[in-house]
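Colleague: Below is the structure I would like to discuss, written out as structure tokens.
The values are calculated or read from the model by the stated rules, or taken from the named source; none is laboratory data. These figures come from a predicted structure and were not determined experimentally. Neighbour counts run over all protein chains shown; Cβ positions are idealised from the backbone, glycine included.
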Amino acid sequence: MVENNSEIPDKKPAKRRFNSLFIFGLFATVIFAISYKPSIETIYCNTETLSTKPDVVMLGAIWCPYCYKARKYFLNNEISYCEYNIEDNGEGEQMYADINTNPLMPLGIPVLFIGDYTFSGFDQRRIEKALSEIKSEPNKL
């Protein structure tokens, strides 16, 4: 009797394929879990929001991780704010261009306007200090 090995399926490659898919799926799940950020509603500056005199006016972008942190911080701490998108809003683009005076060293985003203070980047201590100073002097709001 002659054995025909071509008819007997080899089980090892299927097992390897399963292991590879499992590892890839696990890796993808971990990456998703690490990078997942729950959506935060952006409060855009318009006539209505500006009429309430928000504590903070922000220039930002939807993709900016520091803008996301700022939005989250404002919402979690009940700080009134509104935002101009510097990419999709003509007024936001113009405001950013007006304060970005050095084209070789552009300002980072977010740019925050708190009373008379203007600074770029998300720095919780600077925000708290500026807010406490303008709240102690009501005429600066």
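Colleague: As an exercise: evaluate P65 against (1) under 15 Å from the mean Cα position of the chain (by Cα); (2) surrounded by 12 or more Cβ atoms within 10 Å (Cβ to Cβ) and give the number of the one condition it does not meet.
Modeller: Failing condition for P65: (2).
Colleague: Right, something else. D55 passes all but one of (1) farther than 30 Å from S136 by Cα; (2) surrounded by 15 or more Cβ atoms within 10 Å (Cβ to Cβ); (3) not hydrophobic (A, V, I, L, M, F, W, C); which number fails?
Modeller: (1)
Colleague: Determine whether E93 is closer than 20 Å to Y68 by Cα and without any contact (Cβ under 8 Å) to a residue 12 or more places away in the chain.
Modeller: Yes, satisfied.
Colleague: Would you be able to tell me the number of residues in the stretch 83-112 that are among the charged types (D, E, K, R) and part of a strand (DSSP E or B)?
Modeller: 1
Colleague: Which ones in the stretch 124-141 are at pLDDT 90 or above and either small (G, A, S) or touching a helix residue (DSSP H, G or I) at 6+ places or on another chain (Cβ under 9 Å) (or both)?
Modeller: Residues satisfying the conditions are Q124, I127, A130, S132, E133.
Colleague: Restricting attention to the stretch 89-141, report how many residues are within 20 Å of the chain's Cα centre (by Cα) and more than 20 Å from Y44 (Cα to Cα).
Modeller: Qualifying residue count for the region: 7.
Colleague: Shifting gears a bit: Condition first: closer than 18 Å to L131 by Cβ, touching a residue at least 40 places away in the same chain (Cβ under 8 Å), of a type in the set (D, E, K, R) and not in a loop (DSSP other than H, G, I, E, B). Can you find one or more residues in the stretch 46-66 that meet it?
Modeller: No, that holds for no residue.
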